[in-house]
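Encoded as structure tokens, the structure appears first; notes follow it.
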There are 2 protein chains.
Amino acid sequence: MIGFVGGTGPEGRGLALRFCMAGEQVLIGSRDPTRAAQAANGVRAETDNGSVSGTSNDDAARKADTIFIAVPYTAQRDTLTDLRDSLDGKVVVSVVAPLAFSKGVASALPVAEGSAALETQALLPGSTVAAAFQTVSAHDLLEANKPLDSDVIVCSEDKAARELVMGLAEKISGVRAVDGGGLANAGYVESLTPLLLNLNRRYKARSAIRITGI
Amino acid sequence: MIGFVGGTGPEGRGLALRFCMAGEQVLIGSRDPTRAAQAANGVRAETDNGSVSGTSNDDAARKADTIFIAVPYTAQRDTLTDLRDSLDGKVVVSVVAPLAFSKGVASALPVAEGSAALETQALLPGSTVAAAFQTVSAHDLLEANKPLDSDVIVCSEDKAARELVMGLAEKISGVRAVDGGGLANAGYVESLTPLLLNLNRRYKARSAIRITGI
């Protein structure tokens with residue numbers, strides 16, 4: 001089962017929808033289980049495949065084997081500290097890019113640990129952390145019938161976790177998974193998010209990336 | 001005329017070759033004019049188009065209108081401090097990505113100004129700084145007959161400089177130029193370089209990027 005912490009935001013709902021479409025069992029967690037249930041209803045309205053329901057963040061963390069962290073970066077530390085025991089022994093996938101906005105322009109927030117992913121690993125020493133999907137547009141994910149045109153770079157120190165998440169990524173139409181190696185590379189992927197958001201603004205588009213030559 | 005500071009390294013030689021192939025007049029600068037002349041001979045052996053010669057960094061900076069800075073990041077501050085007067089009033093294009101290697105693994109070096117490009121602008125207040133080509137493989141550039149499969153993201157505060165460098169980028173077969181907006185975005189592009197180098201090592205390939213959706 002795939003869980004989402006902070007699953008009522010656009011990125012969480014978008015990924016939940018795509019995994020549900022692929023036949024997966026999905027649990028959308030939120031601080032507010034009522035909002036989580038609404039988000040699950042929204043997903044269910046888009047697809048008959050898989051299964052989806054809403055619950056608390058803690059329940060999603062406890063019941064799922066693979067848990068996506070889709071909270072805003074500013075909520076990451078408090079959220080993960082609270083859920084540390086529930087996430088112990090699990091594969092935890094960070095989709096977080098540390099961002100700030102000023103007058104519509106995105107910029108990367110500095111992170112003492114080097115990246116949101118490395119901070120996640122530091123906060124969750126008993127979990128196997130991976131990082132992926134930071135560059136994928138939530139709006140695109142939420143358009144159920146739209147194939148993406150994007151690579152998803154998956155980083156983790158754990159090869160099995162990388163392969164698991166790469167397999168999940170390729171369940172999404174139009175996505176190719178790229179093996180990004182260890183978690184030290186996740187910060188470079190996180191840095192792409194403000195660049196893509198700023199390109200979106202300039203080009204009035206939804207940009208994504210492809211790695212060529214591999 | 002297009003000048004190169006630090007033009008005897010692979011990235012400088014590769015860009016010099018491609019611009020020469022496109023019919024441009026190219027001046028390869030180096031601390032050692034003899035090595036610059038050798039590099040120019042190497043370019044001339046590959047193409048009859050354009051013109052190319054070797055000289056000192058300072059002479060390249062003085063004679064050219066558009067000067068590419070292709071030194072390793074660790075040499076950037078000293079080199080630009082020495083050339084400040086010669087680069088005054090010119091368009092200066094940083095291709096520098098601040099990198100370190102440990103056991104073959106690339107990592108981004110922290111830069112106080114935020115990026116090599118912003119440091120360049122701070123060191124050269126009288127120049128118009130742009131940043132581009134950080135993600136393009138020097139090895140690919142040096143294979144004269146190989147079309148690239150890459151976008152080049154061009155950043156500058158100055159719209160005319162962006163358009164100038166975008167035009168130069170698109171002279172290279174297989175390159176699409178992307179308007180990356182202001183220089184604050186250049187650091188995100190610089191961060192891609194260690195990611196791509198680490199992917200090259202993992203995939204035994206020469207990777208590059210494309211921005212999709214624009």
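Details
- Taking the DSSP beta bridges with both ends in the protein assembly as shown, the antiparallel portion is around 25 percent.
- Amide H contacts under 5 Å for A:VAL178, placed H, 5+ residues apart: A:VAL152, A:ILE153, A:VAL154
- Quotient of Cα Rg and 2.2 N^0.38 Å for region A:162-208, N being how many residues it contains: 1.36
- Computed over region B:97-140, the alpha-carbon pair-distance distribution with 10 angstrom bins reads 24, 44, 27, 5, each value a whole percent.
- GNM flexibility winner over chain B from B:LEU15, B:LEU27, B:LEU80 (Cα, springs under 10 Å): B:LEU80
- Scanning chain A for long hydrophobic helices, with DSSP H runs required to stretch 18 angstrom or more by C-alpha along their axis and to average at least -0.5 on the Kyte-Doolittle scale, returns A:186-203.
- Placed amide H near A:VAL92: partners under 5 Å, 5+ positions off or other chain: A:ILE67, A:THR128, A:VAL129, A:ALA130
- Restricting region B:69-164 to chymotrypsin sites (Phe, Trp or Tyr not before Pro) that sit in a DSSP loop and have at most 13 other Cβ atoms within 10 Å of their own Cβ leaves nothing.
- Annotation for region B:158-193 versus region A:190-214: alpha-carbon center distance of 13 Å.
- Of all the options A:ALA70, A:ALA169, A:ALA106, the one that moves most in a Gaussian network model of chain A with Cα springs shorter than 10 angstrom is A:ALA106.
- Each pair of Cα atoms in the protein assembly as shown enters the Kirkwood radius, and Stokes-Einstein at 37 °C and 0.692 mPa s then converts it into a translational diffusion coefficient of 146 µm²/s.
- The GNM of chain A, with springs linking C-alpha atoms under 10 angstrom apart, assigns the highest mean-square fluctuation among A:THR128, A:THR34, A:THR55 to A:THR34.
- Exposure rule at most 15 other beta-carbon atoms within 10 Å, DSSP loop GluC sites (Glu not before Pro): chain A longest free segment: A:1-112
- Separation of alpha-carbon centers, region B:107-135 and region B:55-87, rounded to whole Å: 13 Å
- For region B:1-138: rounded, prolate or oblate by the Cα gyration tensor [a/c cutoff 1.5]: oblate
- Dipole-positive endmost among B:MET1, B:CYS20, B:ALA37 within region B:1-49 (Cβ charges, Cα centre): B:ALA37
- Counting only lysines at least 8 places from B:LYS63 when in the same chain, those with an alpha carbon closer than 16 Å to its own are B:LYS90.
- Just so you know, the averaged projected area of the alpha carbon convex hull for region B:1-77 sits at 4.2 nm².
- Charge dipole (debye, nearest 20) of region A:1-109; +1 at Cβ of Lys and Arg, -1 at Cβ of Asp and Glu: 260 debye
- Exceeding the 20 Å Cα-Cα cut-off - candidates A:LYS204/B:LYS171; B:LYS146/B:LYS204; A:LYS204/B:LYS159: A:LYS204/B:LYS171
- Given +1 at the Cβ of Lys and Arg, -1 at the Cβ of Asp and Glu and no other charges, the dipole of chain A around its Cα centre is 700 debye to the nearest 20.
- Near the amide H of A:ALA205, within less than 5 Å, lie no amide hydrogens of residues on another chain or at least 5 residues away, with H placed in the peptide plane.
Each reported figure results from applying straightforward, stated rules to the coordinates on display, with no laboratory input. A quick note: this is a predicted structure, and the numbers were derived from the prediction, not measured. Positions of Cβ are backbone-derived with ideal geometry, glycine not excepted, and every protein chain shown enters the neighbour counts.
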